[in-house]
Every structure is written in structure tokens, then in C-alpha cells.
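Below you'll find the structure, written out as C-alpha cells, and then a few comments.
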Amino acid sequence: MKIDRLRAYPIAIDRSEVFKIATGSSLTAENVYVKVESGDISGWGNSSPNSVTEETTESILKMLRGVQNEIQGADLEIEERWDELSRRHPHDPSALAGIDIGLYDLQGKIEGKQVFEIYGGKNRGVVTDRTIGIMPLSDTVEHAREYVDKGFTALKIKIGLDLLEDIKRVAAVREEVGGDIRIWVDANQGYSVEESITLCHKLADLDVAFVEQPVKEEDLEGLKKVTEESSIPVMADEVMKDHETAEKICSQEIADMVNIKLMKCGGLTGAWKIVDVLEEYGVDAMVGCMGEDVPAIAAGVNLCLTTDRIKYADLDSHFMLSDMVFEGLEFRDGKLWLSGKTGLGIKVMEDKLERYHMDLEGVV
Ligand SMILES: [Mg+2]
């Protein structure tokens, strides 16, 4: 089976609310959808520009333009394509993820299977958290109440700018939502090692499940020290890129868990390579997101269904968009459900695709 065509669709959709974290805030979400075709069957993937991998809509389009000719006409051997592209484009993991996810959607549709089925997974709902950005205490509590009322059973609270205020915010949310709702926090590198240790002890009293990346990405020793002294599990995120960094984190016991993000590791192929490392060391993970839209979120759900190593899902960035271009991914009873359609389980709405398409030069 050959890949006949690759196309890119840069898309801009307003966020339904401003989202602020320790490293910045944004109003509009840009995404690049990647469409790959074989005969009359199409697969859809999704690349998300982001500050972590330092990819922009322009850099993603440039990468896709550069590889278009070699992809078109190549065999649909996804791992082979991934190995070649990741070796030659190590700084474009999000662009690579768009291609990779699109190819899995295509393969599933060709085989008449859902992507997780190809890997022996079974369909079920996946509990996702809803993230609360950094905001004043009363707004934090209001958002927590709203999300719990909408059915979310897990909340992720962004922290990292003010230690005492953060502890108060988390305590207020715990009081508001009660003990049945799971809470975890993400400091996005906002604290020193000492602050992080203090924070973790306080959060343990509030039944917080874990803390994400409390210290700077480059401070591996610091992260390890926090992990050793913390009374709650510590998850590596910004420092955790791909299967090679997973190996380092696991073998040196730098963190208790890792956050797998498809945009950082080059899509599903990269994620499964990480899962292999986690299996070897018996380390658990969360699947996270970085502003991506429905195709990549659906890929994250498919990923969860193929391994028991992923214990948590933070697959909520599509909820922050004011509109959807794809249908098929449903949120019900606190969980994300795939539609049962082949591939990733999603379907593009052409009128919406047209509406949000950015008019840029050099689009492939
Ligand atoms: Mg994080």
C-alpha cells in the first residue's frame, strides 16, 4: 500500500477562554492538520505549534513541505517512515506527530479497524482531567465547580507563580469538590527544589495525586531530590521528550512517573517506544497534550487503550476551543469515548475546515 498524497491545513480557532500557566498565556489556538491519502481513503493527523518544542505553524509547514515529495509514493510502513523522518528532523517532533497520527488513521481505515485494535486494545471510556489555569482563588474554585458539574471527575490545577497562594487555591478546590474528585497539580517548572519539597508535603494533606514538573527542566538533580523527598509522586513533563529521555528518567529514578505528549515524541510511534521503556522499568505515565485539536486528542485516547502503563489522561485541550472541525470524539460521564469508526474514530466537517483555514503562503 502506497501513500499517494500529503496535504497540510493550517487552522486558527479562538479559545473559549484565556489560558494562563507559569510560562505564558494565549487567546487563539493554531493547529496544522495533516491529511494523508491512499487511493480514495484519507487519514487525518494533527501538529500543534508550541513553545516547548519551539515549533511554529510556519516551521511545521516548512517541515511538511520538505518531506512531501518523499512521503508521496512511499510505502505505508509507518515505523520505517518514522525512523527516517525522526533521524533527519529531530527538532520537528510536532510536525512528525501530525504525519505519524495521520498515517495511523489511514492504516486503520484501510484495515477496517480502530487504531487501538491494531495493537490489541479494547474500547472503553478514558477518564480525562480538566485543567484550571493560573487565576485568582475565587475563579479557581468557580472553574472547579463548573467542571465537576459538567461531569469531570479529575481536575488538574496549574500552579507555579506563588507558593502560598497555590496551596490556598488547591485547598479551596478540595473543600469545594469533596474527596471523590481526583486532583493533581502542574507547576510548569515554577519552583525551586526547596519550595517544591515544601509544596509536596502540603499537597499530600490535600490528597493531591501527584505534582508535574515542579523544578526547571534542566535541573535533573533537583527533580530527583524532590522525587526522593516528596510525600506525593512527582511526574516529569518538560524534561521528558522521547524514549531516550524516558530511559534516562527511569534508569536514574529522576521522577516517579512521566508525561507522554504526542507533540514532543513524534506521535504514536514515538509514544509506543516510550511505553516499551516504561514497561522495562515498571514506571507509569500520563498522556498529556499541548494545545492540540481533536485528531491528536483522539490519538491520545487510542494510545491509552493499548497499554496499562498509562494511568492518567490529561486530554483536554480541545475543550478550550470555541469550535470543533472534527466530530466523533465524545465526552460523557467524565470520560472520552471513541465513536467506533475505523482509524482514530473521527470525521472531518468540510465546512468547518474551510471556515478556520488560515490563508498562508507555501501550504502544501
Ligand atoms: Mg505539564
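The values are calculated or read from the model by the stated rules, or taken from the named source; none is laboratory data. Everything numeric in this text was worked out from a predicted model, so none of it was measured. All Cβ positions, glycine included, derive from the backbone under ideal geometry; neighbour counts span all protein chains shown.
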* Structure fact -> The correct count of residues that are within 19 Å of Gly102 (Cβ to Cβ) and in a strand (DSSP E or B) in the stretch 278-307 is 1
* Of the residues Glu165, Glu194, Glu217, which is within 16 Å of the ligand (Cβ to nearest atom), in the same structural domain as Arg332 (by TED's automatic domain parsing) and farther than 30 Å from Arg332 by Cβ? -> Glu217
* Which helices (runs of 4 or more DSSP H) does the stretch 154-271 wholly contain that include 2 or more residues that are out of contact with any Pro (no Cβ under 7 Å at 6 or more places or on another chain), of a type in the set (Lys, Arg) and surrounded by fewer than 17 Cβ atoms within 10 Å (Cβ to Cβ)? -> none
* In the stretch 40-65, residue nearest to Pro295 (Cα to Cα) [restricted to those that are among the small types (Gly, Ala, Ser) and either in contact with an Asp or Glu (Cβ under 9 Å, 6 or more places away or on another chain) or buried (at least 17 other Cβ atoms within 10 Å of the Cβ) (or both)] -> Gly45
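If only one of Asp186, Asp207 is acidic (Asp, Glu) and away from the ligand (no atom under 14 Å from the Cβ), which one is it?
Asp207
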* **Candidate set: the stretch 296-312, residues that are more than 20 Å from Pro93 (Cβ to Cβ) and within 16 Å of the ligand (Cβ to nearest atom); chosen: the one farthest from the chain's Cα centre (by Cα)** => Lys311
* If you go through the stretch 113-153 one residue at a time, how many are touching an Asp or Glu at 6+ places or on another chain (Cβ under 8 Å), small (Gly, Ala, Ser) and in a helix (DSSP H, G or I)? -> 1
* Structure fact -> Note on the stretch 308-345: residues touching a Gly at 6+ places or on another chain (Cβ under 8 Å) and either in a loop (DSSP other than H, G, I, E, B) or free of Cβ contacts under 8 Å to residues at least 40 places away in the same chain (or both) are Asp314, Leu315, Gly328, Leu329, Asp333, Gly334, Ser339, Lys341, Thr342, Leu344, Gly345
* To do: Could you please tell me which pairs satisfy a Cβ distance under 8 Å, a separation of 6+ or placement on different chains, a first residue in the stretch 96-113 that is farther than 14 Å from Ser42 by Cβ, and a second residue that is among the basic types (Lys, Arg) and surrounded by fewer than 23 Cβ atoms within 10 Å (Cβ to Cβ)?
  => Asp100/Arg81
* In this structure, is Arg88 outside the structural domain of Ile157 (by TED's automatic domain parsing), more than 21 Å from the chain's Cα centre (by Cα), more than 22 Å from Met349 (Cβ to Cβ) and free of Cβ contacts under 8 Å to residues at least 60 places away in the same chain? -> yes
* State whether the residues of the stretch 143-154 include one that is more than 14 Å from the ligand (Cβ to nearest atom), in the same structural domain as Val226 (by TED's automatic domain parsing), in contact (Cβ under 8 Å) with a residue 24 or more places away in the chain and more than 25 Å from Val287 (Cα to Cα). => no
* Structure fact -> Checking Arg130, Arg145, Arg124 in turn, the sole residue that is among the basic types (Lys, Arg) and closer than 24 Å to Ile11 by Cβ turns out to be Arg130
* Working carefully through the options Ile101, Ile11, find the one that is in a strand (DSSP E or B), β-branched (Val, Ile, Thr), at pLDDT 95 or above and closer than 24 Å to Lys352 by Cβ. => Ile11
* Report yes if Gly334 is over 30 Å from Glu212 (Cα atoms), touching a strand residue (DSSP E or B) at 6+ places or on another chain (Cβ under 8 Å) and crowded, with 18+ Cβ neighbours inside 10 Å, otherwise no. => no
* Please state which of the following conditions Asp316 fails to meet, knowing it meets all the rest: (1) under 22 Å from Gly334 (Cβ atoms); (2) buried (at least 23 other Cβ atoms within 10 Å of the Cβ); (3) within 16 Å of the ligand (Cβ to nearest atom). => (2)
